[in-house]
Amino acid sequence: MTKALVIGGGIAGCATAIALQAVGYEPVVYEAYPAGGDDAGAFLTVMGNGMAALRALDAHRPVIAGSYPAASVEIYDAGGRLLETRGIGDADDAGPRTLLRSTLYRALQGEAVSRGVRIEHGRRLVHAGMIAGGGVRATFADGGSAAGDILVGADGIHSATRTLIDPDAPRPRYTGQAVVYGYASSVPAPTAPDAYHMIFGSRAFFGYTAAPDGRTWWFARIPGPQAGPSTITAAQWRERALLAFADDASPAAAVIRATGDDVTGGDSYDVPTTPIWHRGSMVLAGDAAHAASPAAAQGASMALEDAVALARCLREQTDAAGAFAAYEAIRREPTEQTVAASAQMSRLGTSSPYADPVD
Ligand SMILES: Cc1cc2nc3c(=O)[nH]c(=O)nc-3n(C[C@H](O)[C@H](O)[C@H](O)COP(=O)(O)OP(=O)(O)OC[C@H]3O[C@@H](n4cnc5c(N)ncnc54)[C@H](O)[C@@H]3O)c2cc1C
């Protein structure tokens, strides 16, 4: 059986392992973190295209079970006036779903393991190279190594595989914004259970959703200088978010005030283009190949689509180089367009593109 070394046990990695196994590969996932790619704090929406990819893998059920629908977005200005209500998909199981990023990781890891995929935790890739005569060898920070026929770098926005494939690959770019996530224990400004309430604030962008756990899940995108590796506490992130919305007549400040220490934040980055997606037996998937800023809410969905496309190409062409070229031909253009669109949305920041409110 053809062995695939999948680097990264996040969204792209687990989905790719599931997809490769379905087309006859023997995938093994190597995840850097000891407990798996858990990511404290953030939540996200898997859009309709991502749900379709999950369905193609028959891996949608645990994701639906751990999530709730996100059918529409209500957009407001800093004064609290409704600018637009926009449908983003169906409120049924096929439409967009909101869930904690850690829940999505766990659902996909569980699904992969239940299908017999081995996931090795605490294995951080540090080097990979071709084996004379064919195949690839990965070396890990713990000194161990593994050999396979192909290697899929699904190791996220700060991908080591990307740099191993091309030492000159562009580094992630700071978007000019920090993203703060919080969970308010009460719902001071209810919104429809399957809707996002988004606000073009006077200094920052705010969004919230009323989750079935009774809390208000919120995020803020706040323009400012890059903080770097963060030592900022939950209380400091909450204070920074509160300051950004203090002068607005929107519900943002009330939602933030209703939040305890369940707050996290960090700089946001994107990767507009990765010139080389594959070399020899190595190929990139997910954020390792193309990372969008959070604004378009498409990163996870694109990672899931990559997994499906890569496996299809490998099923149709046994020659890895040909399959990787076909995969890149399918995926490069749409993903780069989405990254560019997301960057444009991020740049809009607080300046509402709406001429007038609807009322
Ligand atoms: C603030 C924020 C908000 C977002 N909101 C949304 C949203 O609403 N909707 C959406 O679709 N997307 C959203 N995204 C993007 C989404 O989270 C990513 O696009 C998605 O996680 C990409 O999946 P991935 O598997 O490629 O990378 P990741 O999920 O980052 O997974 C990479 C994995 O590789 C592991 N790893 C890293 N280096 C190594 C190594 N050297 N060796 C072994 N393992 C390694 C990591 O530990 C991790 O588990 C958001 C992102 C951010 C930052």
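Nothing in this text is a laboratory measurement; each read-out follows from the coordinates by a stated rule. Every value quoted in this text rests on a predicted model; they were computed, and no experiment measured them. When we count neighbours, we look across all protein chains shown, and the Cβ atoms used for this are built from the backbone with ideal geometry, even at glycine.
Quick check: the angle from helix 101-114's long axis to the longest principal axis of the chain, C-alpha only, nearest 10 degrees? Approximately 30 degrees, to the nearest 10. Packing, taken as the mean count of other beta carbons within 10 Å per residue, orders the peptides 117-127, 287-297, 52-62 from highest to lowest as 287-297, 52-62, 117-127. Taking Cα atoms only, the orientation of helix 320-348 departs from the longest principal axis of the chain by about 10 degrees. Helices in the chain, meaning DSSP H runs of at least 4 residues, each add -39500 (n - 2.57). Divided by all residues, the mean residue ellipticity at 222 nm is -9500 deg cm²/dmol. Counted by Cβ distance under 13 Å from THR98, the other residues give a net charge of +1, where Lys and Arg count +1 and Asp and Glu count -1. Counting neighbouring Cβ atoms within 10 Å and putting the fewest first, the residues GLU26, GLU333, GLU31 line up as GLU333, GLU26, GLU31. In the chain, the longest principal axis of the Cα atoms and the axis of helix 234-245 are about 50 degrees apart.
Other residues lying with their Cβ under 15 Å from the Cβ of LEU243 contribute a combined charge of +2, Lys and Arg counting +1, Asp and Glu -1.
Coupling constants for segment 148-165 follow from the phi torsions by the Karplus curve (6.51 cos²θ - 1.76 cosθ + 1.60, θ = phi - 60°), and in residue order they are x, 7, 9, 10, 9, x, 10, 9, x, 5, 9, 3, 6, 4, 4, 6, 5, 5 Hz; glycine and proline get x.
Per the Debye calculation on the chain with a single equal scatterer at every Cα and no solvent contribution, log₁₀ I(q)/I(0) for q = 0.15 Å⁻¹ amounts to -1.27. On full extension, the segment bounded by SER186 and LEU82 gains 35.2 nm, given 0.36 nm per residue less the C-alpha separation.
Cβ crowding within 10 Å ranks SER185, SER159 as SER185, SER159, fewest other Cβ atoms first.
Counting other Cβ atoms within 10 Å as a rough exposure proxy, the listed residues THR259, THR85 run THR85, THR259 from fewest neighbours to most. Shape summary: segment 25-136 maps onto an equivalent ellipsoid whose semi-axes, from the alpha-carbon gyration tensor, are 36, 17, 14 Å in decreasing order.
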